[in-house]
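What follows is calculated from the coordinates using simple rules that are stated; it is not laboratory data. These numbers come from a predicted model, not from an experiment. Positions of Cβ are backbone-derived with ideal geometry, glycine not excepted, and every protein chain shown enters the neighbour counts.
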Amino acid sequence: MSPFLAVVEKDLRLAWRNRSGWASAAAFATIAVLTYSFAFDLATGDVRPLLPGVLWTTFLFAGVFAAGQSFQDEVEDGTFEAMRLAPIPATAIFAGKLTANLIALLIIEFAQLLLATILFDAGLFTPALLGIVLIGTIGYVSLTTLLSTMGGHVRGRSVLLPVLVLPLLVPLLIGAVRGTGAALGLEAGTAPWIVLLGVFTLWSTLGAFLLFPVAVER
Amino acid sequence: MSAPGEPPLAGEVAIRARALTRQYGGVTVVRGVDLALPAGSKTALLGANGAGKTTLLAMLAGLISPTSGSLEIAGYARGSAGLRRAVGVLGHKPMLYEDLSPLENLRFFARLYRVSDAEARIEALLRQVGLWLRRHERTAILSRGYHQRLALARVLIHDPAVVIADEPETGLDPEGVALLDDLALRRPGLTVLAATHRIDHIQSWASGIVRLDRGRVVEDTSSLTTALVAPEAARATPATPASSGASVSPETASATGEGAR
């Protein structure tokens, strides 16, 4: 088994054994979608224009809830240093942690899409919308995984991560919300939102892979 | 000379540092350290708290970069995969996943080091450190001493040529210390550099000492360092293998000013 797969398997196993971070994220996302569904049902007959914003704010905060968890534990226990001592590229560690975070967040997002489909009576499982969610989540998780590493040695990192990550995610959020609207058949303007989303995801993923070895150097 | 990829032979230099310096902000924690520790030697790193021992070990292990100076371990330059494969690090923290079992911890690190015949190696190590019967329990519920034993197994999983340790006796009972001696500190052929305050213990394993004071080496009885600093002298002075019994004298021990815990 390659070191990359070993990191993925280990992180998923740890996420399952120590579910507090991801369980909090899932609980938050579920409560948020439920609350939105009740509020919007009273306010308007057609909730579809609101769905992109509902979905992406839920995804965003659920991810921020959980993203710092794995690095925080690794830094405190010294296991991150133990991984760095091994004769493997830093990018293999990053790719492993990114993939594990991505899988965990996609599971939560899938559950939220299912819940939103039922509560908002909207067809959300279309290839276009699933593609946008996948691309946006890759870009988003790349950044949060990198920034949680950089904040790993800093006191108050749980506050630092959202403060650092949210401004950086503005282009991704705009592209993802507009692109989701377009996938739902809403008026989204003529701007190439999907292209913006794709370019941002490519930039953040490549940037994160390039910066990670520098970020973990002490 | 040993072949590339092979551990250094007895008498060759296993740990070589030249003018190794580390600064944090404007503070110099380690200043101009020269080391040349022979393969197979067992060296105790001594010094009061804050002398720079942990920083020096972290640089040698590759965990932090020196501000200046050069470093070579088992013939490999700093930052190379070869160096990381050659080194095992036993730190202050056991560096273990608390929510994984001892077996899962060792499997994970065996995969990172691409250990061949990993299952047999893991079983042998877990039996040696007395954790085979508890291999499926969560590491979090193990005692501090068992954590340290498991950490020792983690360090040895890839059969390193050099072990760098920071107070390795921490948390170990006498039986655990005996295991540490057998598996690492007194193991023939293995090069050991260990920071310790256990003067009573080092006399049983160390073949030389390096003492730090405020980041500088103030005493070095390892046989090759002088040769490194003065290359001409190196050719005139034959290397002394660690097995030559250059043990720490009682005078040295008593002069440390550090009491055994």
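With every atom except the alpha carbons ignored, what do you get for Rg and Dmax of the range B:111-199, in angstroms?
In order Rg, Dmax, the Cα atoms of the range B:111-199 give 13.0, 38 Å.
Could you name the lysines whose alpha carbon sits less than 21 Å from that of B:LYS93, not counting residues in the same chain fewer than 8 places away?
A:LYS10, B:LYS53
So which residue, out of A:PRO171, A:PRO192, A:PRO87, gets the largest mean-square fluctuation from a GNM of chain A using Cα contacts under 10 Å as springs?
Greatest mean-square fluctuation among the candidates belongs to A:PRO87.
Once Rh for the range A:1-138 is found with the Kirkwood sum over Cα pairs, what is the Stokes-Einstein diffusion coefficient at 37 °C and 0.692 mPa s, in µm²/s? Can you show the working numbers first?
Working: Rh = 16.3 Å.
The estimated diffusion coefficient comes to 201 µm²/s.
Please list, by residue number, every one of the chymotrypsin sites (Phe, Trp or Tyr not before Pro) in the range A:58-152 that is coil in DSSP and has at most 14 other beta-carbon atoms within 10 Å.
Listed in order of number, the matching sites are A:PHE125.
Using +1 at the C-beta of Lys and Arg and -1 at the C-beta of Asp and Glu, which of A:ALA27, A:LEU50, A:ALA92 has the Cα lying farthest in the positive direction of the dipole of the range A:3-216?
Farthest towards the positive end: A:ALA92.
Order of B:ARG135, B:ARG214 from fewest to most other C-beta atoms within 10 Å?
On the way: B:ARG135 17, B:ARG214 14.
By the 10 Å Cβ count, ascending, the order reads B:ARG214, B:ARG135.
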